[in-house]
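Reading through the structure tokens given below for one structure.
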Amino acid sequence: MTERVAIVGVAQTRFAPKRSDVNYGEMAYEAISQVLKDTGLALPEDIDSAISCSHDIWDGQTISDIGITDVIGGHLRAEEKMAMDGSTAVFYGAVGILSGEYSCTLIMAHTKMSQTNRHIVNNVAFDPIYTRMLGFDFTSAAALQARRYMYKYGITREDAARVVVKNLANAKRNPCASQSGDFTVADVLSSPAVAPPLHKLDIAPDADGAVALILASEERARKITDKPVWILGIGTCYDAHYLGDRDLADTFALEKAAGRAYAMAGIKNPRRSVDLAEVGDEFSYQELLWLEGLGLCDRGEAGRFTASGATAIGGKLPVNPSGGLLSGVPANVAGLNRVAEAALQLRGEAGDRQVRGANIAVAQGHTGFCGQHQCVVVLGN
Amino acid sequence: MATKDKEWISIPMTVDVPYRFAAGGYMTKCLTELRDNGKIFAVECPKCKRVQLPPRVVCAECHVKNEKWVELPHEGTLMNFTIMYLPLTDPTTGKPHEPPFVYGSVRLDGATSVLDHMVEVEPDMDKVWVGMRCRLVLRPKEERIGDLSDIRYIEPLPGQKKPQTKSR
Ligand SMILES: [Zn+2]
């Protein structure tokens with residue numbers, strides 16, 4: 001039985017709009033072989049469980065029977081499959097180690113968005129008897145959420161555009177990023193309208209890629225690395241499925257998930273304690289909304305907070321120094337990439353995007369339209 | 001006493017998601033060799049020496065990277081089979097296979113794993129058996145397209161008779 005769980009290794013493929021050169025297993029193996037090499041661990045002897053994360057409809061095959069099992073070391077051993085955001089795989093992995101059943105768990109999330117059509121895949125998330133026939137997808141639902149959030153809290157398109165400008169500039173420092181560049185607020189505002197208030201640059205692009213991460217019990221972690229990143233707190237929470245049951249400007253599920261994670265970590269004032277955040281900016285406004293839901297600024301203040309430069313690399317609270325999802329991270333992989341990036345920061349291995357002096361980081365992932373399911377992970381070194 | 005049937009609503013819907021699957025490095029080589037040269041290539045694990053078909057990046061048993069390619073002959077032994085009475089659909093064409101037909105798995109000589117395909121044989125328990133020697137029949141070269149349908153079917157080698165056993 002262990003009292004603490006640590007991240008002992010992280011590896012990521014580069015993210016790209018389309019990886020024609022690899023199938024799922026080969027893409028996953030790029031990240032898995034790298035994290036094994038980095039940690040000096042071997043399969044099967046050093047790792048006693050594995051969790052892979054993707055999604056049946058995204059994959060176009062049931063995730064329980066694809067070639068992932070071979071590459072993740074699940075053959076004739078324990079491998080669990082999870083069809084939610086990759087941050088939640090960290091939750092399950094930590095639970096397995098805390099239970100005493102496992103001591104070292106390999107977690108891997110993968111998706112190839114290039115192989116299908118995001119609007120059709122996401123439509124399947126909607127109730128077949130109620131809203132599915134409208135053709136709803138995550139972008140249209142997000143547009144409704146963005147409108148409501150802007151109306152209720154006075155957030156402007158410019159506020160959201162500043163998130164895009166910051167994150168795509170940050171992504172220039174991230175060799176894994178799928179897209180990056182120097183954009184202006186005017187560029188974002190004048191990019192093609194998709195579902196106003198969301199324009200093209202407000203929306204995370206499709207990408208292919210995989211992320212692998214190894215969790216270990218405290219005893220194992222001390223032997224594997226001299227730079228363990230501890231999971232100080234973790235919490236998850238679901239909100240209502242029907243959009244109509246929620247005020248989309250509210251963040252109740254995130255507040256509850258964050259509350260659990262902060263309480264576990266012994267954090268009373270996250271604004272004082274947290275040094276950086278990696279959040280699920282699937283759409284530009286969501287970085288603002290989630291910052292408020294995480295309690296890192298007051299409700300309705302995230303626009304001004306961002307405009308002040310506080311969330312830039314070198315600011316008071318750097319947010320998505322990696323470039324976030326707006327730089328192109330696959331669905332399902334998104335939250336594991338948030339956790340991985342936060343861990344790299346705390347290990348001091350974030351390269352050109354390194355934030356100085358970070359000791360506590362928050363990573364947030366979400367599943368479903370408008371952030372229905374939320375997972376918050378608090379990490380410390 | 002007659003009662004009026006209660007009406008229950010249900011909504012018909014086809015969930016139609018288009019895909020285009022990347023074959024990846026290993027299967028691209030395998031399918032290219034099949035299409036262009038009519039050859040069957042598998043990978044051999046450097047550690048346990050299992051010859052794996054389809055070729056894949058990692059040997060599941062040893063967790064080492066497969067890097068050695070081996071060409072397999074087109075002949076092998078039928079390891080199992082079934083006669084199908086369900087009109088199962090080919091998802092690349094949307095058309096059903098006309099029953100009855102035979103599915104089988106052939107272990108090509110020298111391979112560890114088997115190749116599953118249609119067996120071109122009368123759907124008759126006296127005409128097909130486990131242990132039957134078989135060969136692959138490919139499409140003519142000019143008609144090959146680079147997917148598994150370039151193998152048309154498995155057919156029995158001529159001149160064999162089913163061994164007399166009690167079990168089937
Ligand atoms: Zn082997």
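The values are calculated or read from the model by the stated rules, or taken from the named source; none is laboratory data. It should be emphasised that the depicted structure is a prediction, and the values quoted were computed from it without experimental measurement. Quick reminder, even Gly has a Cβ in these numbers, built from the backbone with ideal geometry, and neighbours come from all protein chains shown.
Some observations on this one:
- Test: residue in region B:119-140 that is touching a helix residue (DSSP H, G or I) at 6+ places or on another chain (Cβ under 9 Å) and more than 22 Å from B:Val51 (Cβ to Cβ): yes
- Which numbered condition B:Ala42 fails, given (1) crowded, with 20+ Cβ neighbours inside 10 Å; (2) within 15 Å of the ligand (Cβ to nearest atom); (3) within 12 Å of another protein chain (Cβ to nearest Cβ); (4) touching a residue at least 12 places away in the same chain (Cβ under 8 Å): (3)
- All positions within region B:49-103 that are loosely packed, with under 13 Cβ neighbours inside 10 Å and within 14 Å of another protein chain (Cβ to nearest Cβ): B:Glu67, B:Pro91, B:Thr92
- Residue in region B:85-97 that is in contact with an Asp or Glu (Cβ under 8 Å, 6 or more places away or on another chain), among the β-branched types (Val, Ile, Thr) and within 16 Å of the ligand (Cβ to nearest atom) present: no
- Residue among A:Thr105, A:Thr111 that alone is away from chain B (no Cβ under 14 Å), crowded, with 21+ Cβ neighbours inside 10 Å and closer than 23 Å to A:Asn337 by Cβ: A:Thr105
- Evaluation of A:Ser49 against (1) closer than 21 Å to A:Ile224 by Cα; (2) surrounded by fewer than 19 Cβ atoms within 10 Å (Cβ to Cβ); (3) among the polar types (S, T, N, Q) (one fails), failing number: (2)
- Residue match in region B:2-19 (condition: more than 8 Å from chain A (Cβ to nearest Cβ) and touching a residue at least 24 places away in the same chain (Cβ under 8 Å)): no
- One residue stands out in region B:20-38 among those that are surrounded by 15 or more Cβ atoms within 10 Å (Cβ to Cβ) and assigned to a loop (DSSP other than H, G, I, E, B): the one that is farthest from the other protein chains (Cβ to nearest Cβ), namely B:Gly38.
- Checked against the criteria, A:Tyr92 counts as surrounded by fewer than 22 Cβ atoms within 10 Å (Cβ to Cβ), under 30 Å from A:Asp137 (Cβ atoms) and either at pLDDT 90 or above or acidic (Asp, Glu) (or both).
- Taking the conditions (1) more than 30 Å from A:Gly209 (Cα to Cα); (2) more than 16 Å from the chain's Cα centre (by Cα); (3) of a type outside the set (Ser, Thr, Tyr) in turn, B:Met84 satisfies each one other than (2).
- So A:Thr39, is it more than 26 Å from B:Met27 (Cα to Cα) and away from chain B (no Cβ under 12 Å): yes
- Members of region B:122-138 found to be surrounded by 15 or more Cβ atoms within 10 Å (Cβ to Cβ) and under 15 Å from the mean Cα position of the chain (by Cα), listed by number: B:Cys134, B:Arg135, B:Leu136, B:Leu138
- Of the numbered criteria (1) more than 17 Å from B:Leu148 (Cβ to Cβ); (2) within 16 Å of the ligand (Cβ to nearest atom); (3) not charged (D, E, K, R), the one B:Thr77 fails is (2).
- Single condition B:Val106 does not satisfy, out of (1) surrounded by 16 or more Cβ atoms within 10 Å (Cβ to Cβ); (2) within 16 Å of the ligand (Cβ to nearest atom); (3) away from chain A (no Cβ under 14 Å): (2)
- For A:Ala78: the one exception among (1) surrounded by fewer than 19 Cβ atoms within 10 Å (Cβ to Cβ); (2) facing chain B (nearest Cβ under 10 Å): (2)
- Filter result for the condition that a residue is away from the ligand (no atom under 16 Å from the Cβ), in contact (Cβ under 8 Å) with a residue 60 or more places away in the chain and of a type in the set (Val, Ile, Thr), over B:Val114, B:Val137: B:Val114
- Taking region A:42-62 as the range and being within 12 Å of chain B (Cβ to nearest Cβ) and free of Cβ contacts under 8 Å to residues at least 12 places away in the same chain as the test, the residues that pass are A:Ala42, A:Glu45, A:Gln61.
- Applying the set (1) more than 7 Å from chain B (Cβ to nearest Cβ); (2) within 24 Å of the chain's Cα centre (by Cα) to A:Val71 leaves exactly one unmet item: (1).
- Failed condition for A:Ile7, given (1) farther than 22 Å from B:Cys59 by Cα; (2) within 14 Å of chain B (Cβ to nearest Cβ); (3) surrounded by 16 or more Cβ atoms within 10 Å (Cβ to Cβ): (2)
- Just so you know, in region A:116-131 the residues that are buried (at least 17 other Cβ atoms within 10 Å of the Cβ) and without any contact (Cβ under 8 Å) to a residue 60 or more places away in the chain include one that is farthest from the other protein chains (Cβ to nearest Cβ), and it is A:Asn123.
- Candidate set: region B:56-73, residues that are under 20 Å from A:Leu43 (Cα atoms) and more than 7 Å from the ligand (Cβ to nearest atom); chosen: the one nearest to the chain's Cα centre (by Cα): B:Arg56
- Entry remark, region A:307-346: residues being among the hydroxyl-bearing types (Ser, Thr, Tyr) and surrounded by fewer than 24 Cβ atoms within 10 Å (Cβ to Cβ) number 1 in total.
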